[in-house]
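Taking it in order: structure first as structure tokens, then the write-up.
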Amino acid sequence: MKKLQYFIFLNIIFIQFSLAQNKDSLAIKNLRNEISILENQIKTVEKNQLNYKIEKDLIKETYSTNYERINTIITIILGIIGVIGFIGIRDITSIKKEYLTELEKLKGLQVEFESKSKEFTVEKDKFDSEIRQILIENEEQNRKIKFIELKEKINSLLNENKIQDALEFVNAALVIEPEDRIVLRQKARIYVRLNLFPESLKVYEKLNTIFPDDTSIGLDNIECLYFANHLKDAKTLSEKYSDSLKAKEEGKLIQFLEAVELFHNKDSEKLLEKIKEFIDFENLEKIEKQFKTWDLKEAKYFIAYQPDSESKKLLQFYIWYLNGEVNGTKVCENLGIKTENK
């Protein structure tokens, strides 16, 4: 900076000397003004240089301070990141271990859940099965109770001679038990009482198929065949149950069926003779059922449906006598049987 000042100063002296002789005072004045301007400019430059230096120092100081601060902050941040990273790695490892542990627990819980689920399913199926069984048993019990009530009602109606009503209850009972032996027999006998022999024989055919060795059904069927005047079929079936027929009512059932055959043949003379064989002439006033186990209700209905005739009268009194409804005297009086010769 000083060299610059000396240089300027020498230039000024040189200019003064070189122009001293040729210029007037105005030129010198201008020169001075210029010198003054140059000095001012020099001062301005110096001042600017000083400001620049100050600003440079301030900037340098500020930069240095900020740099240190930034380094400190970065160091702190890196330290925090390092700590967090270290902790994070440890936490990740710990979390992974915990995750694996929990995963194993979950697998165990899944297996336990599946086991419990299977147990629940088994118990549920068992419970459902038991409920269904209970419902089935209840339904079966109700069905049996209903069936028993219907059978009792059928017997009651038959005792009251309400045959048509009894048939309706029989059909209702057979809806519950289509192959019940007792109810089917009642149905067949009801048809006989209604004089519906073809229908009765169909029921007996079913009964013989279901119960082929049932003697009581076979004997009922034979009676129905005699009533229906199917004598050939009746005698064929009688051969199958020959021993039972002979043993039934000590052979009296066979004699009764023979009397029915004589009725169909309209052989009144032989029918009357057969009736005489049954009459106890030593005790004509006695009224007693001749058949102890055989029911003659169907026979009474059968003869009642027949048109009036001598044979009907004979067979009807014969049935009444066998059933204990009239005594021997009444029979002899109505059939014209003489008692003094006996």
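The values are calculated or read from the model by the stated rules, or taken from the named source; none is laboratory data. Everything numeric here is computed off the predicted structure, so don't read it as measured data. Don't worry about glycine lacking a Cβ; one is built from the backbone with ideal geometry, like all the others, and counts go over all protein chains shown.
Name every residue in region 265-282 that is part of a helix (DSSP H, G or I) and either under 24 Å from S244 (Cα atoms) or in contact with a Phe, Trp or Tyr (Cβ under 8 Å, 6 or more places away or on another chain) (or both), in order of residue number.
L271, K274, I275, E277, F278
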Some residue of region 283-290 being assigned to a helix (DSSP H, G or I) and hydrophobic (A, V, I, L, M, F, W, C): no
Lone unmet requirement of (1) of a type outside the set (A, V, I, L, M); (2) in contact (Cβ under 8 Å) with a residue 12 or more places away in the chain; (3) surrounded by 14 or more Cβ atoms within 10 Å (Cβ to Cβ) for K292: (3)
Tabulated pairs, region 256-285, first closer than 12 Å to L315 by Cβ and assigned by TED's automatic domain parsing to the domain that holds L335, second acidic (D, E) and in a helix (DSSP H, G or I), C-beta under 6 angstrom, 6+ apart or interchain: S268/E310
Region 295-307 - residue that is among the hydrophobic types (A, V, I, L, M, F, W, C) and in a helix (DSSP H, G or I) and, of those, surrounded by the fewest Cβ atoms within 10 Å (Cβ to Cβ): A304
Enumeration of residues in region 305-327 that are out of contact with any helix residue (DSSP H, G or I) (no Cβ under 7 Å at 6 or more places or on another chain), touching a residue at least 40 places away in the same chain (Cβ under 8 Å) and small (G, A, S): S309
Residues of region 238-248 satisfying the condition of being surrounded by 14 or more Cβ atoms within 10 Å (Cβ to Cβ) and under 15 Å from E258 (Cβ atoms): S238, L245, K248
Residues located in region 157-196, provided they are over 17 Å from A299 (Cα atoms) and among the β-branched types (V, I, T): V170, V175, I176, I182, V183
So T339, is it surrounded by fewer than 18 Cβ atoms within 10 Å (Cβ to Cβ), modelled with pLDDT under 95 and closer than 30 Å to L158 by Cα: no
Region 146-168: number of residues that are buried (at least 16 other Cβ atoms within 10 Å of the Cβ) and outside any helix (DSSP H, G or I): 0
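Results for (1) of a type outside the set (S, T, Y); (2) over 30 Å from D243 (Cβ atoms); (3) in a loop (DSSP other than H, G, I, E, B); (4) in contact (Cβ under 8 Å) with a residue 60 or more places away in the chain, shown as yes or no for each residue.
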{"residue": "V170", "(1), (2), (3), (4)": "yes, yes, no, no"}
{"residue": "Q186", "(1), (2), (3), (4)": "yes, no, no, no"}
{"residue": "I190", "(1), (2), (3), (4)": "yes, no, no, no"}
{"residue": "S200", "(1), (2), (3), (4)": "no, no, no, no"}
{"residue": "V203", "(1), (2), (3), (4)": "yes, no, no, no"}
{"residue": "K206", "(1), (2), (3), (4)": "yes, no, no, no"}
{"residue": "G218", "(1), (2), (3), (4)": "yes, no, no, no"}
{"residue": "N221", "(1), (2), (3), (4)": "yes, no, no, no"}
